[in-house]
Amino acid sequence: MKPGATIWLRGGTYRGGFVSNLRGSASAPIIVRQYPGERAILDGNVTPAANVLVVQGSDTWYWGFEVTHSNPIRVYNHATNPDTPGGPDNMLGTGLNVFGPRTKFINLTVHDVATGFGFWQGAIDSEVYGCIVYNNGIVDTQRGHGHGLYIQNQTGTKLIEDVISFNNFSTGMKAYTEGGYIVGINFKGIISFNNGSTGAYSGTPAFNTPEFFRVSNLFVGSKGNSADRISITGSHLYHQSGTLVNLSNMGLGYQPVAHKSVVVKDNYIMGGHQGLTVERWDAATVTGNTIFATSDPTGSTDEYVAVVETRNPAASVWNNNTYYDETEGNGQYSFWYGTFTQWFETSFANWKSRSGFDGNTSYRRGRPQGMKVVVLPNKYEAGRANIAVYNWDGAATADIDVSSAIAVGQAYELRNVQHLLSGPVLSGVYDGSPLRVRLDDTQVTRPTGHVFTPASTSPEFSAFVLIPK
């Protein structure tokens, strides 16, 4: 196949474990794309079970199709090895195992596999864009396993942009390694919510896992080499109030390793008993973020708006944020602050005086109010957009202005991602008016073969995708 070629995937289900060695060029990538108006599905449920698509080539774009694993076994009453497909447990395979440099993955739907993307060090300067990733993983006697994206990088920069990741059995997005590298990773415009919910239910085999347990929507850390050049901007995270979140809603850092530089800017981090953790970074820029933390049903004493450990405060910039605090303790213990040698459980006022940070930041006891609507136009497909709605007052509907994403006269569908493949919640021809969307839609797609369907996050939080037709 020559550089610049396009391969169209016709509608239908393709079963097997696939390996791509396609090699385009930087100026003329090969494109593998779902045929317009059809639904192409790669399904790894074969014998033996397989990773669905392993990408070994380079300079190729994979666009618009669906990746899944229809194996119905999602619950194990013993400890498993979830990292290896097949075996005696007939384990699910990973959706996309990516090793190829300068590859792109655009507007894919990835669900019901072991982990959505394994985005590894060899995939230099590669990109995951606009994908919808959900219901990935299994649960055993240890815990829920399986992430939306599992990311490592050493050379160049990986981009994860405008990706929606939710209801995975473990983290929504996890950049982590025990012996490799977490260097040069940009998260931009992501929507990640309710991760960990699919393994937390009455009767789960996971040891000591309550129904209100959740996992980080975004986690970055390393057990060996220092993380560096990490950026999280313009992103939107959500956990319901009253959830106990392992490693914070957004968790950045992992003891005992000292990390280098991280930028956390203009994000909306909502819910869970710990909002943001920034731990053991030499230089952290944390500006323009809105963070909301709540209490959890256990009455634990480790409920914090932010957990912060700075190795070099003079090299960090932390200001112009907005905090909402519904943790217990009347705000007296809402921040956990350390400087590598000492830790302080403290109020917002004391956090400011001890750290020297947040001189121009707003802090309020209680919940956010009103409605926040976010529309993220798709950079590869005109008329497409991801949408997030935070509905703090419980309104029945939202009027969503999508004029930044779609032209008048364009036919469209609007789909609720929590039941993405069940059909549109709204369709028509765009006339320039805001789309009136119901926010009380509580339908949720159950993971394939699972015994449990997580509750909807609506009406407080909804996510949609606008699709041109």
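Against the definition (touching a residue at least 40 places away in the same chain (Cβ under 8 Å) and within 12 Å of Trp63 (Cα to Cα)), how does Phe99 come out, yes or no? So Phe99 fails the test.
No other residue among Gly394, Gly370 is out of contact with any strand residue (DSSP E or B) (no Cβ under 8 Å at 6 or more places or on another chain) and in contact (Cβ under 8 Å) with a residue 40 or more places away in the chain apart from Gly394.
Listed here are the strands (runs of 3 or more DSSP E) enclosed by segment 1-81 that have at least 1 residues being more than 23 Å from Lys379 (Cβ to Cβ) and without any contact (Cβ under 8 Å) to a residue 60 or more places away in the chain: 12-15, 18-20, 40-43, 53-55.
Applying the criterion of being closer than 30 Å to Thr233 by Cβ and hydroxyl-bearing (Ser, Thr, Tyr) to the residues of segment 205-222, the residue that is surrounded by the most Cβ atoms within 10 Å (Cβ to Cβ) is Ser216. Across segment 289-298, not a single residue is classified as out of contact with any Leu (no Cβ under 9 Å at 6 or more places or on another chain), in a strand (DSSP E or B) and under 23 Å from Tyr181 (Cα atoms).
Table: residues versus (1) in contact (Cβ under 8 Å) with a residue 24 or more places away in the chain; (2) out of contact with any strand residue (DSSP E or B) (no Cβ under 9 Å at 6 or more places or on another chain); (3) buried (at least 17 other Cβ atoms within 10 Å of the Cβ); (4) assigned to a loop (DSSP other than H, G, I, E, B).
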{"position": "Thr442", "(1), (2), (3), (4)": "no, yes, no, yes"}
{"position": "Thr445", "(1), (2), (3), (4)": "yes, no, yes, yes"}
{"position": "His450", "(1), (2), (3), (4)": "yes, no, yes, yes"}
{"position": "Phe464", "(1), (2), (3), (4)": "yes, no, yes, no"}
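Scanning segment 306-335 for residues that are of a type outside the set (Val, Ile, Thr) and assigned to a strand (DSSP E or B) yields Ala306, Glu309, Trp318, Asn319, Tyr323, Tyr324, Asp325, Glu326, Phe335. Note on segment 177-189: residues that are closer than 19 Å to Ser235 by Cα and touching a Gly at 6+ places or on another chain (Cβ under 8 Å) total 3.
For every residue, the table says whether it meets (1) farther than 17 Å from Cys131 by Cα; (2) not acidic (Asp, Glu).
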{"residue": "Met1", "(1), (2)": "yes, yes"}
{"residue": "Gly24", "(1), (2)": "yes, yes"}
{"residue": "Ser27", "(1), (2)": "yes, yes"}
{"residue": "Ile31", "(1), (2)": "no, yes"}
{"residue": "Glu38", "(1), (2)": "yes, no"}
{"residue": "Gly44", "(1), (2)": "yes, yes"}
{"residue": "Pro48", "(1), (2)": "yes, yes"}
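Read-outs: derived from the displayed coordinates by stated rules, not from any lab. Being a predicted model, the structure only gives us computed values, none of them experimental. Note that we place each Cβ from the backbone using ideal geometry, even for glycine, and neighbour counts take in every protein chain shown.
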